[in-house]
Amino acid sequence: MTALVMFDDELADGWAPFSLTRPCGELIFGRWTLRERLERVAGRRVTGHVTRPWLRRYAEAGAPASLGPDRLPDAATYWSSRAVPALDAAWGRSPANLWLAGQLAGIRLAPGGRPPRPDWFAAPRPEPGLPDRTLPGEWLLHPWDLVSAGPARLADDLAATIGAGVRDDLPDGCRRLGSEAIRLGEGARVEPGVLFDAREGPIELGPGVEVRTGARLAGPLYAGPRSRLLGGALSRFSSGPFSFVRGEVDGVTALGYSNKAHDGYLGHAYVGRWVNLGAMTTNSDLKHTYGTVRVGPPGARTDTGLVKLGCLLGDHVKTGIGARLDTGTVVGAGSSLFGAEMPPTWVEPFSWGPGRTRERCRREAFIATATRVVARRGLEADAPFRCWLGDVWDEACRP
């Protein structure tokens, strides 16, 4: 049995703000991370990620480590993190060039083969002499594809895994609209007065999820293990574990361990891990002109082609009370934004301060804060975790 390795190519390397802090295979798309989806299709665990050099000490609980050039297995399947295989794809075992939607998604090498050279991963090429094999699926080109295509992918994922016939009994005092499947995970606690709107997609609550009175949950929706849905209208939402959410939320993916425990609107957005949004933080996801949204740094903005796109928030971002984020705002990892002035639509990593007059967050202060935040969720910010974050700061803030 060959190993399974995910790699980030040159497009994935530019997936700001998330590619600074994590391999792109550890981003949620639909019900699972891209890595978890590949594992379901391939029927085995991913051995590791080939990713950017400053992530060599990437250390996130439950995720495989980064693999350097000297640790690449010969008998392995190498698969692009941007390639999204269909859940029913016939994976196979024989050596092959693996194609998806007309592009090379990876290669499967036999024992005794030579692992790809380091430069291969940026722009992969077919391996001469191997047969071609085509798998069904789709490609992600930009980080905002995770937002625009996320709800439809989530609906399909939940329909495939929950099953069309599942109708879990709802707790007393709760109501249902629609006929799509609803699944309550083991130990999920739902207070009276919660409305499940399953007219446009299934709803699944992971193990230990808590839903409080006054919440309106509209599918497709998945809440990761031990998340807390504290009230408000949540629709087309997908989250990793320990996501605390309240307010009006639509078309949002949250990686987990993040906190939006207060009112405020968050729409058509992607939220990294360990993010804390202050009370009444609100983003715009529609321009006054109803034109398409542009994203990127000054002088290098890209037209996304999307009419609705809110914000992309990197890992460890924090906002103060009443923060306002304009349409298409990208906030780099480790930034802390506060004050009455709206920040620009492109915020560099580790920015600290109000509006447009920000400073750089000091390395030691950032790691100390992250250590305290992680401890609040019962996890340990051990030495590998701190080294990983330090390497990220060094890369982002080097002269």
What is the gain in length, in nm to one decimal, between Asp263 and Gln103 on full extension, counting 0.36 nm per residue of separation less the C-alpha to C-alpha distance?
53.3 nm
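Could you work out the helix-only [θ] at 222 nm for the chain, with each DSSP H run of four or more residues adding -39,500 (n - 2.57) and the total divided by the number of residues, to the nearest 500 deg cm²/dmol?
My calculation for the chain gives -4000 deg cm²/dmol from helical runs alone.
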Take every Cα pair under 8 Å in the range 1-104 that's 6+ residues apart, average their separations, divide by the length, and report that relative contact order as a whole percent.
36
Any chance you could run the full-extension gain for Arg301 through Arg189? It's 0.36 nm times the residue separation minus the Cα-Cα distance, nm to one decimal.
35.9 nm
When a/c is below 1.5 the answer is rounded, else prolate if a/b is larger than b/c, else oblate, so apply that to the range 175-309 with a ≥ b ≥ c taken from the square roots of the Cα gyration tensor eigenvalues.
prolate
For a distance above 18 Å, tell me the whole-number percent of Cα pairs in the range 69-195 that qualify.
66
What FRET efficiency, computed as 1/(1 + (r/R0)^6) with R0 = 22 Å and r the Cβ-Cβ distance, is obtained for Trp139 and Asp88, rounded to the nearest 0.05?
0.80
At Asp169 and Glu200, where each label point lies 7 Å from the Cα along Cα→Cβ, what is the point-to-point distance in nanometres?
3.1
Met280 versus Arg117, label points 7 Å from Cα toward the beta carbon: distance in nm?
5.9
Hydrodynamic radius (Kirkwood) for the chain, which is based on Cα pairs only, to one decimal in Å:
21.7
Mind checking which lysines have their C-alpha under 20 Å from Lys260, skipping anything on the same chain fewer than 8 residues away?
Lys318
Nearest 0.05, what FRET efficiency do Ala61 and Thr357 give at R0 = 45 Å with Cβ-Cβ as r?
0.80
Which whole-number percentage describes the relative contact order of the chain, with Cα contacts under 8 Å and a sequence gap of 6 or more?
11
Leaving out same-chain residues fewer than 8 places away, which lysines sit with a Cα under 20 Å from that of Lys308?
Lys287
State, to one decimal in nm, how far the label point of Leu379 lies from the label point of Lys287, with both points 7 Å from Cα in the Cβ direction.
3.7
In range of the label at Ala159: residues from the range 208-228 whose backbone nitrogen is under 15 Å from the point 7 Å along Cα→Cβ
219-221
Provide the percentage of antiparallel DSSP beta bridges, counting only those with both residues in the chain; round to the nearest 5.
20
Thr369/Asp13 FRET efficiency (R0 41 Å; Cβ-Cβ; nearest 0.05)
0.95
For the peptides 316-323, 55-62, 129-136, what is the packing order when you average, over each peptide's residues, the other Cβ atoms within 10 Å and list the highest mean first?
316-323, 55-62, 129-136
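Throughout, read-outs are computed from the coordinates displayed, never taken from laboratory work. Given the structure is predicted, the values throughout are model-derived calculations rather than measurements. Reconstructed Cβ throughout: ideal geometry from the backbone, glycine too, with neighbour counts over all protein chains shown.
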